[in-house]
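For reference, the structure is listed below as structure tokens.
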Number of protein chains: 2
Amino acid sequence: MTPPPRQPPDNPLRASDEAARALARDLLAAMTHATLAVQDPATGHPHLSRILCQRGGDGLPLALLSGLAVHTRALARDPRAGLLIEAPPRKGDPMTWPRLSLQVLARRIEADDPALRAAWLARHPRSQLFLSLPDFAFWQLVPQSGLLNAGFGAAFRLGPPDLADKETPPQP
Amino acid sequence: MTPPPRQPPDNPLRASDEAARALARDLLAAMTHATLAVQDPATGHPHLSRILCQRGGDGLPLALLSGLAVHTRALARDPRAGLLIEAPPRKGDPMTWPRLSLQVLARRIEADDPALRAAWLARHPRSQLFLSLPDFAFWQLVPQSGLLNAGFGAAFRLGPPDLADKETPPQP
């Protein structure tokens, strides 16, 4: 078997194109949960967890987090985080499934806005329970940069404009 | 619906028990890939990616990484990483699927040991291709601590002895 073509070592990532932007938007639109990485202030290690996450009305990833969780306490100290958004599981090799790796800045917003709560519950009806608990809040996860992987040998660097809702025209 | 019982805010995690240790070992034994979080030296954000990973002969997570990848370059500068090991996808709510979040120290080892290569290929036969490329190497991911989540309301703090092979008796 012939090895796949490889990019030169100093530039293994491709510039984004319309197909990459469309795939990234599809992943964001379908998202119901994601993997979050925060900085653990006690150890300096990244700390990983699975979180409830959906695209908010402004097109930005929105998470519902418990203030008791390790990741939420870390975000309150350092808002720099990573977010991995994966396509729903399918057959075959998981290394070839599309996924979008974002670097985000986290910003806490109160969970008492009725419109926000209603929009969240439309996609996550089981969250009714958590919205009734005082320690849960919404967090906006604002993308700073992104890397889209559509399988081995197809990785694209994306900027915030590439990740905006498709109503927003991509920036040059 | 009654909210689930909640731990007090200053101690939301349970101490490990034999059932938690057994579940963690099962997740490690079944692993073929995982989610890695490294520190991006350019931004200070955690950076997430999906990697090939299996339990090595010594029981420690072992990854096969390309030297061209963003995550590998970051690990070479800062070996502190996070690793999320998830059960294979099943039906129902992904927030209730078991997963093991480890904080690990990464250590590169050369990929030219025939026994190591043979053991790797037994689980990952498609890696033959990558082992023939000069930029791929094995990385040992040595657990420093772990957090096992078996669904909402069941999170256990695990130490390195809890994560050892079951041939190794757990430490008190």
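Read the figures in this text as sums done on the coordinates, not as results from a lab. Note that this is a predicted model, so its numbers are computed, not measured. Reconstructed Cβ throughout: ideal geometry from the backbone, glycine too, with neighbour counts over all protein chains shown.
The table that follows gives values for the structure above.
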read-out: Distance between the stretch B:33-89 and the stretch A:17-34 - C-alpha centres, whole angstrom; value: 23 Å
read-out: Label point 7 Å beyond Cα along the C-beta direction, distances from B:Glu18 to other copies (nm, shortest first); value: 6.3
read-out: Two-decimal Rg/Rh across the protein assembly as shown, once Rg and the Kirkwood Rh are taken from alpha-carbon atoms; value: 0.95
read-out: Label point distance in nm, A:Ala30-A:Asp112, each placed 7 Å from Cα along Cα→Cβ; value: 3.8 nm
read-out: Average Cα contact separation per residue, the stretch A:25-158, under 8 Å, 6 or more apart, as relative contact order %; value: 26 percent
read-out: Local net charge near A:Val142, Cβ-Cβ under 10 Å (Lys/Arg +1, Asp/Glu -1); value: 0
read-out: Alpha-carbon spread of the stretch B:25-83, three principal axes, descending order, Å; value: 36, 19, 17
read-out: Average beta-carbon neighbours from other chains, 10 Å sphere, peptide A:37-43; value: 5
read-out: Helix-only [θ]222 nm of chain B, DSSP H runs n ≥ 4, -39500 (n - 2.57) each, per residue, nearest 500; value: -5500 deg cm²/dmol
read-out: Under 14 Å, Cβ to Cβ, from A:Leu105 - net charge with Lys/Arg +1 and Asp/Glu -1; value: +2
read-out: Cβ-vector label at 7 Å, A:Gln128, separations to other copies in nm; value: 5.5
read-out: Packing-based exposure ordering (other Cβ within 10 Å, fewest first) of A:Val104, A:Val142, A:Val38; value: A:Val142, A:Val104, A:Val38
read-out: Calculated SAXS-style log₁₀ I(q)/I(0) at q = 0.16, 0.17, 0.18 Å⁻¹ - chain B, Debye, Cα scatterers; value: -0.99, -1.09, -1.19
read-out: Using a Förster distance of 30 Å, the FRET efficiency for B:Leu121-A:Arg14 (Cβ separation, nearest 0.05); value: 0.50
